[in-house]
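The numbers here are math on the coordinates, done by the rules we state, and not lab data. Treat the numbers as computed from the prediction; the structure is a model and nothing was measured. Cβ: placed from backbone, ideal geometry, glycine included. Neighbour counts: every protein chain shown.
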Amino acid sequence: MKLSKDFKEIKGDASFRKFYRNTKKNSIIVFANKEKNKNLLIYDSVNKILIKNNIIAPKLLNQNYKKNYIEIQDLGNKSIYQIFLKNKKNQYSIFKKAINVLNKIQLIKDKKIKNFRNSFYLLQDYKNQILLDEAKLFSHWYVSKKLNKKKIKTFNSRFNKEIKLLLSKLNFKNNTFVHRDFHVSNLIINSKNKIGLIDNQDALFGNKAYDLASLIDDVRYKTSNLLKDKVYNYYLNTNKKIDAVKFKNDFDILSVLRNLKIIGIFTRLAERDKKRKYLKLIPYAWKMINNRMSKNKDLVDLKLLLASNFPKFIIK
């Protein structure tokens, strides 16, 4: 793809996309010749749903789907993650702003939107089968590298049973807009000091606790248990109608499943895509898994299974 000299390539993410910023035009080119339906068409469709509901997301400026790119509004390069790296003093107040955005997102009822190719995109439900398949990324990529063949088969059989059992214990229905990657790297502070959302293409309708788990137990940015609890309690205080006991159960389970999935994805990025920088984040993912499993009796059996196979990371 040929671009004018005004476009400069910017740091990408874990996907197959490439990004080019034009500071003069305040726009970004998103280029994807792999998985372009998700990375271009679905991405813009979800952005449209968010914008329709007064959530800040990149507007489409131009598109050439045949040539594998879209041009979108540039929300800026100041993510909450970058702000935290420079200044940790106002973390809680910024997290509160993120929770307020999350509360707005969770009011979204739109599941269907017309895309730029003049057909309709329908957001799917975050079914248990999807959650199970995501958990299996841990087995397929991480376990296969760490255990011998005999142990792998036994572990995977027990692991799948435990995950299915945990999924059956979730309380909340798939009736809430879920971003799926609602964490500080994807929350951008714009020029008006408001939070905008990027990396929106994976959104589904799922469990109310999922995005909160993404934010609080974010593998990319370490926070203290004290701050995690403060942010969690702020969410509950702004959602007083929620059954707190049932919600905490779902939060713990989904946090553990999400971080198991992340361990699998980061191992895949290292092995398949040679993006080895993500491996350094795995020990913290284990730490958060350990933390949540120690506080939920429904996670005891999974904890024992993981502890017997990965004693370096799981405390019995």
10 Å-binned pair-distance histogram of segment 80-309 (Cα, whole percent)
7, 31, 36, 21, 5, 0
Eligible lysines near Lys25 by straight Cα distance, threshold 16 Å, same-chain separation 8 or greater
Lys5, Lys8, Lys59
Projecting the Cα atoms of Ser157, Ile42, Tyr92 onto the charge dipole of segment 42-167, where Lys and Arg contribute +1 and Asp and Glu -1 at Cβ, the residue farthest towards the positive end is Ser157
Could you list, in their original order, any pairs among Lys161/Lys297; Lys38/Lys241; Lys149/Lys222; Lys164/Lys246 whose Cα atoms are separated by more than 25 Å?
Lys38/Lys241; Lys149/Lys222
Out of Leu254, Leu107, Leu170, a Gaussian network model of the chain with alpha-carbon springs under 10 Å gives the largest mean-square fluctuation to Leu107
Based on the alpha-carbon gyration tensor of segment 260-315 and its eigenvalue square roots a ≥ b ≥ c, which shape applies: rounded if a/c is under 1.5, prolate if not and a/b is larger than b/c, or oblate?
prolate
Expressed in nm², what is the orientationally averaged projection area of the convex hull enclosing the Cα positions of segment 87-165?
10.2 nm²
How would segment 7-73 be classified by its alpha-carbon gyration tensor: rounded, prolate or oblate, with rounded meaning a/c under 1.5 and the a/b versus b/c comparison settling the rest?
oblate
Which of the peptides 280-289, 258-267, 81-90 is most tightly packed, and how do the rest follow, going by the mean number of other Cβ atoms within 10 Å of each residue?
258-267, 280-289, 81-90
At q = 0.19, 0.22, 0.23 Å⁻¹, what is the log10 ratio I(q)/I(0) for segment 1-126, with the Debye formula run over Cα points and no solvent?
-1.20, -1.35, -1.38
Of Lys36/Lys112; Lys228/Lys287; Lys36/Lys109; Lys34/Lys109; Lys18/Lys114, which ones are farther than 21 Å apart at the Cα?
Lys36/Lys109; Lys34/Lys109; Lys18/Lys114
Value of [θ]222 nm, deg cm²/dmol, for the chain, DSSP H segments ≥ 4, -39500 (n - 2.57) each, nearest 500:
-13500 deg cm²/dmol
Just for the Cα atoms in segment 84-127, what are the lengths along the principal axes, largest first, rounded to whole Å?
46, 21, 19
